[in-house]
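Presented below is the structure to which this report refers.
Just so you know, all these numbers are worked out from the coordinates, no wet-lab data involved. Keep in mind that what you see is a predicted model, and the values were worked out from it rather than measured. Using ideal geometry, Cβ is built from the backbone for each residue, glycine included, and neighbour counts are taken over all protein chains shown.
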Ligand code: APR
Ligand code: ZN
């Protein structure tokens, strides 16, 4: 890595070392090295698909087949946590990180062992029937979807089986948003990893933290709208940068 990156890595470690209630705020970029595509920026899914067609509640209600066909071709249920997810667990176990607030629905933070994970955009690991309210494990409905797309509700035969994720046009889960806001107002550092910071209200969480005195450390492959107000910005791959920061913190022990 270049000296400029080395200096930024030292600065990130110096920011996190004394942190006692840091929070991580993650986006799709942290799961890219696990094989799950991100949405915006170079090669993002939204450069190939219209999000209104495959991820908006209005379209879903008109034609659930659009979502379930997209899911057939893009879902990565076997994805595993990568070194970036594991680095956040390490930070938590060293007492520097209080929680992970994520926009991701892939469950990889929990799979990696993070203790406190707040899912602002829900979880893709369950499915709810909008007709009868029954909930099912995603794997069961994926199996039905492979047999017949779109899948019908095993309980009532309804056509509107929806993953428990927040689609465009839907509100975020109230309790998750409140928890994230409470953490943000108490945070001393926000470690932002793999987010374009373009989607609200989620992107308002790091903003709220900063308004309450938190310093921002951004790790992202591309520039973000928050770069100029962050204390540390490292443009690179999360799976390489985060472990490099942990190595510096471990050396200082
Ligand atoms: N390491 C770090 N950053 C990466 C990597 C990587 N290996 N690969 C990609 N990135 C960056 C991209 O450059 C991009 O800026 O991650 C960022 C991901 O941004 P988005 O794709 O916009 O994802 P996110 O910010 O999580 O989107 C928020 O929008 O589509 C909705 O609900 C969806 O939760 C999502 C929300
Ligand atoms: Zn039903």
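Evaluated at q = 0.11, 0.27 Å⁻¹, a Debye calculation over the C-alpha positions of the range 50-128 (equal weights, vacuum) places log10 I(q)/I(0) at -0.38, -1.28.
Listing 149, 129, 217 from fewest to most neighbouring C-beta atoms within 10 Å gives 149, 129, 217. Please give the FRET efficiency for residue 174 paired with residue 47, using the beta carbon to beta carbon distance and R0 = 30 Å, rounded to the nearest 0.05. Rounded to the nearest 0.05, the efficiency is 0.40.
Put in order of Cβ neighbour count within 10 Å, fewest first, the listed residues 39, 168 become 168, 39. With just the Cα atoms defining each centre, how far is the range 129-145 from the range 71-116? Give it in Å. Each part's Cα centre sits 24 Å from the other's. P(r) tail, the range 1-117: Cα-Cα pairs separated by more than 21 Å, 51% of all pairs. Structural descriptor for the range 42-110: relative contact order 19 percent, calculated from alpha carbon pairs under 8 angstrom and at least 6 residues apart. Take the chain, drop everything but the C-alpha atoms, weight them equally and run the Debye formula without solvent; then report log10 I(q)/I(0) at 0.16 Å⁻¹ to two decimals. For the chain at q = 0.16 Å⁻¹, log10 I(q)/I(0) is -1.14. As a length-normalised measure over Cα pairs under 8 Å and 6 or more apart, the relative contact order of the range 135-253 settles at 16 percent. Taking the C-alpha atoms only, the angle from helix 238-252 to the longest principal axis of the chain is near 40 degrees. Of all DSSP-defined beta bridges confined to the chain, some 25% are antiparallel rather than parallel.
The DSSP beta bridges internal to the range 79-198 are antiparallel in roughly 70% of cases. Its Cα gyration tensor gives the range 146-253 an equivalent ellipsoid, and the semi-axes of that ellipsoid, as √(5λ) in whole Å with the largest first, are 35, 19, 14.
Normalising the average separation of contacting C-alpha pairs (under 8 angstrom, six or more residues apart) by the number of residues puts the relative contact order of the chain at 25 percent.
In plain terms, the residue of 33, 174 with the fewest other Cβ atoms within 10 Å comes first and the most crowded comes last, giving 174, 33.
Take the alpha carbon atoms of the range 156-197, find their radius of gyration, then divide it by 2.2 N^0.38 Å using N residues; give the quotient. Against the empirical 2.2 N^0.38 Å value, I get 1.70 for the range 156-197.
Considering helices alone, the calculated mean residue ellipticity of the chain at 222 nm is -11500 deg cm²/dmol, with DSSP H runs of length four and up weighted by -39500 (n - 2.57) and normalised per residue.
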